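Only one structure is covered here, and it is reproduced in the block below.
The values are calculated or read from the model by the stated rules, or taken from the named source; none is laboratory data. Since the model is a prediction, treat every value here as computed from it, not as a measurement. Note that each Cβ is placed from the backbone with ideal geometry, even for glycine, and that neighbours are counted across all protein chains shown. To get the accessible areas, we keep the full protein, side chains included, count just its heavy atoms, and leave off ligands, DNA and RNA. Shrake-Rupley method; radii C 1.70, N 1.55, O 1.52, S 1.80 Å.
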Amino acid sequence: VSRDTLFFKTAATFLEQQIGNCAEHLLGFGFPNISVLRMACRLGLYDVTDSFIEIHYPRTVRAADEPDLQVQPFALDAESARDAVASCWKQMAEDLRGGIVGVRDLDYLRYRYCSHPQWAEGGYECVAVTGEGSPAPVAIVVLKRLGQERLLMDIIGAVADYPAALEAVRGTLAGGNIGLHCRITRAHAPAVTLPGSDWRDLEIEIPCNIWTRGPDAASLAGAWWLTAGDMDFL
């Protein structure tokens with residue numbers, strides 16, 4: 001580990017050009033493995049703000065007395081989706097105003113999912129969770145198909161509604177013997193945890209830049225809302 005290496009020179013130059021108060025972008029994030037992150041921390045490039053965990057939900061069918069929320073397909077690529085997504089995103093943005101979350105409006109969701117090669121192949125599915133007698137979604141959920149499992153990529157809506165919405169999605173999937181799990185930053189995991197859930201450490205920590213001047217690590221600790229949808233290679 002040395003500052004006279006190609007790794008250090010490349011990383012430091014990138015941060016100087018791209019991240020910080022005087023650069024093109026104020027903040028950056030990533031998902032480095034433990035060995036890479038530890039090396040960058042020792043070199044004074046990064047510090048740690050959070051870690052990434054995986055939550056596995058129990059595969060049990062919804063009980064008859066659970067809240068009557070409906071789960072139905074949602075056409076993310078239809079123009080009629082715009083108002084519903086805008087309403088859900090507005091609530092989410094307001095609830096997470098004290099943290100850091102990427103924009104989840106319709107233009108972003110279409111860019112992230114509908115333009116992905118796996119969208120046309122049926123690799124993703126989008127559902128809306130609605131209340132009885134109301135067409136307005138409580139939450140919009142994007143899932144990735146993984147055999148008999150679904151990976152939660154994104155959930156958009158009021159944060160307080162996430163447990164009920166996820167319970168509805170989980171229970172609906174379990175009726176078809178399909179499991180559900182999600183990946184999220186540890187600080188925000190309680191918002192999407194259900195009774196009987198199992199937390200698993202992925203040994204992925206979220207870094208922040210400390211090489212150039214910008215928001216310090218203490219102010220960024222636990223602030224990032226990141227889910228599997230923020231990992232652009234999925």
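For residue 194, the solvent-accessible surface computed with a 1.4 Å probe is close to 10 Å², ligands and nucleic acids excluded.
One Cα centroid belongs to region 88-144, the other to region 1-55; the line between them spans 29 Å.
In terms of its alpha-carbon gyration tensor, the chain comes out prolate; a/c meets the 1.5 threshold, and the first ratio a/b outweighs b/c. Overall, the anisotropy analysis places region 18-101 in the oblate class: the square-rooted eigenvalues a ≥ b ≥ c of its C-alpha gyration tensor yield a/c not less than 1.5, with a/b not exceeding b/c. Taking all protein chains as they are arranged and a probe of 1.4 Å, the heavy atoms of residue 205 leave approximately 40 Å² accessible to solvent.
In this label model, residue 94 and residue 145 are separated by 3.6 nm, measuring between points 7 Å along each Cα→Cβ vector.
How much of the accessible area of the chain, in percent, comes from carbon and sulfur atoms when a 1.4 Å probe is used?
Numbers: 6120 of 11430 Å².
That fraction is 54 percent.
Classify region 55-164 as rounded, prolate or oblate, taking a ≥ b ≥ c as the square roots of the eigenvalues of its Cα gyration tensor: rounded when a/c is under 1.5, otherwise prolate if a/b is larger than b/c and oblate if not. Judged from the Cα gyration tensor, region 55-164 comes out rounded (a/c under 1.5).
Going from most exposed to least, what order do 150, 110, 186 have by accessible area with a 1.4 Å probe? Mind showing how you got there, number by number?
On the way: 150 15, 110 55, 186 95 Å².
From most exposed to least exposed: 186, 110, 150.
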